[in-house]
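Bear in mind these aren't lab numbers, they're just calculated from the coordinates by the rules spelled out. Computed from a predicted model, the values in this text were never measured in an experiment. Positions of Cβ are backbone-derived with ideal geometry, glycine not excepted, and every protein chain shown enters the neighbour counts.
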Ligand code: MSP
């Protein structure tokens with residue numbers, strides 16, 4: 001039982017009708033690494049992910065495939081979305097599906113509460129809707145179609161024609177929350193991160209908010225509006241509520257009080273829903289707003305935002321089948337500044353795998369354990385008098401551990417990995433400088449050889465602990481090779497920078513290459 005602070009973190013819930021691609025995988029591994037970090041720090045951590053299963057998009061996809069929407073989503077979730085978590089080695093605590101009764105019933109309750117509080121009214125609506133976005137589009141995101149769509153209005157994101165919808169709708173009085181939202185962004189400057197996302201949200205809200213249509217009557221694949229069964233609840237209202245229903249909103253007050261509020265990690269495409277509509281809904285219900293919303297950038301492939309509809313989608317398994325899940329996680333989390341767009345390319349992935357994982361970290365682990373086996377019969381030697389060079393390593397480890405923790409607090413896994421990598425680089429340089437293979441030839445240098453290899457092994461111990469949220473598999477193997485008792489994931493990560501944890505006399509076991517050479521096809 002953990003005693004630390006509550007840390008509840010979420011991914012967006014994904015539309016199952018798209019097959020998982022590396023963009024979805026990116027958000028998911030970022031959230032998983034943040035959750036693992038906090039869990040290993042002893043914080044009372046909860047990681048949620050799931051699927052967003054209602055709406056017109058799903059209904060149409062099911063119809064096109066000749067099955068009911070429920071059959072359609074069940075198949076996709078089972079065949080594609082649960083396996084994604086395994087592919088990426090994700091340790092989520094829960095998985096919510098918006099078609100589950102635990103969700104549907106509480107959504108009705110929530111919406112009814114807003115209705116009873118006077119925040120919902122009936123009105124007429126006529127606007128252009130994008131089924132891809134599941135959103136009525138604002139002026140700024142409507143453009144003239146080209147090619148086959150010449151003469152039509154299309155969505156700026158999906159480049160597909162918009163549909164003119166005219167119906168009676170229920171509206172949420174979003175416009176009433178403008179001042180309170182601006183106040184929130186002011187008093188909690190970290191509510192929306194990074195800075196660029198915050199600025200965008202603030203200027204959007206400053207320019208004025210319109211009431212939000214929150215029901216649809218033209219189709220029925222959704223949660224019924226409790227006081228008017230001819231309507232279903234707008235899919236985004238339904239979806240956002242997953243973050244609350246999954247932790248016991250309306251059913252388990254103790255669990256809800258323990259977990260809520262959450263941190264939400266989202267792609268910047270869905271920032272406004274999370275940083276504007278969602279906190280306003282919560283305010284209207286008298287609940288706490290989220291602790292924060294962090295918007296990361298887009299993965300670009302060939303310079304374009306990757307998406308299935310644009311045929312640039314790459315399935316995560318295409319990467320993990322060759323490189324493994326650790327490399328996937330490491331690559332996306334280290335190569336892209338979290339919060340900015342980043343380009344994916346196979347060349348970059350291969351180059352970083354080779355340089356940083358195989359030659360950098362992997363080789364350090366391999367040669368350190370091999371030298372302990374060779375020169376000390378596989379038993380970790382004690383360190384004797386430390387030189388200045390040894391102390392520099394100790395300082396590097398302490399500084400890197402502290403910097404990494406701060407970076408994770410700021411939701412910057414990329415900066416955390418960069419900080420931790422100073423240990424890899426320093427230790428590789430240290431071994432080259434100290435030439436243990438030369439020391440081993442001189443009996444008079446036996447104690448010095450022990451100090452050098454203890455220093456390298458103890459540095460590796462710190463690396464295993466610090467890198468375990470990012471690369472759970474390789475670090476677990478390294479942990480076992482270093483002969484440690486207990487599970488790696490139980491090692492307190494905020495103490496990882498302390499020196500002298502590895503006990504001399506511990507047996508080191510053989511280590512196979514952590515990042516084997518990839519044969520080029
Ligand atoms: N169902 C909504 C979210 C509801 S949350 C209450 C949705 N789903 S989605 O399947 O389209 O997934 C959106 C998320 O996937 C993005 O916010 C982002 O986290 C991730 N990504 C999808 N494409 C991406 C890229 N090309 N690059 C990076 N992330 C991407 O929107």
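Summary table below
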item: Computed E for residue 142/residue 350 - FRET, C-beta separation, R0 35 angstrom, nearest 0.05; result: 0.30
item: Segment 76-155: radius of gyration over Cα atoms, expressed as a fraction of 2.2 N^0.38 Å; result: 1.68
item: Shape category assigned to segment 347-495 from the gyration tensor of Cα positions, a/c cut at 1.5; result: prolate
item: Taking 252, 74 and counting other C-beta atoms within 10 Å, the order from fewest to most; result: 252, 74
item: Gained length - residue 195 relative to residue 391, 0.36 nm times residue gap less alpha-carbon distance; result: 66.8 nm
item: Separation of the residue 79 and residue 159 label points, Cα + 7 Å toward Cβ, nm; result: 2.8 nm
item: Additional length obtainable on full extension of the chain from residue 287 to residue 186, 0.36 nm per residue less Cα span; result: 34.5 nm
item: Which of 175, 80 has the fewest Cβ neighbours within 10 Å, and the rest in rising order; result: 175, 80
item: Segment 294-422: Rg to Rh, with Rh as the Kirkwood radius over Cα pairs; result: 1.08
item: Helix-only mean residue ellipticity at 222 nm for the chain, each DSSP H run of n ≥ 4 adding -39500 (n - 2.57), per residue, nearest 500; result: -13000 deg cm²/dmol
item: Degrees, to the nearest 10: 325-335 long Cα axis against longest axis of the chain; result: 80 degrees
item: Cα shape, segment 191-258, gyration tensor, a/c 1.5 rule; result: oblate
item: Potential lengthening between residue 64 and residue 447 on full extension [0.36 nm per residue; Cα-Cα distance subtracted]; result: 130.6 nm
item: Euclidean distance between Cα centres, segment 401-422 to segment 1-63, Å; result: 21 Å
item: Sequence-separation-based contact order of the chain, relative, with Cα cut under 8 Å and 6+ spacing, percent; result: 16 percent
item: Where N is the number of residues in the chain, Cα Rg divided by 2.2 N^0.38 Å; result: 1.10
item: Residue 418/residue 269 FRET efficiency (R0 30 Å; Cβ-Cβ; nearest 0.05); result: 0.70
item: Cα centroid separation - segment 462-495 against segment 324-360, whole Å; result: 21 Å
item: Modelled FRET efficiency - R0 45 Å, residue 91 with residue 206, Cβ distances, 0.05 increments; result: 0.65
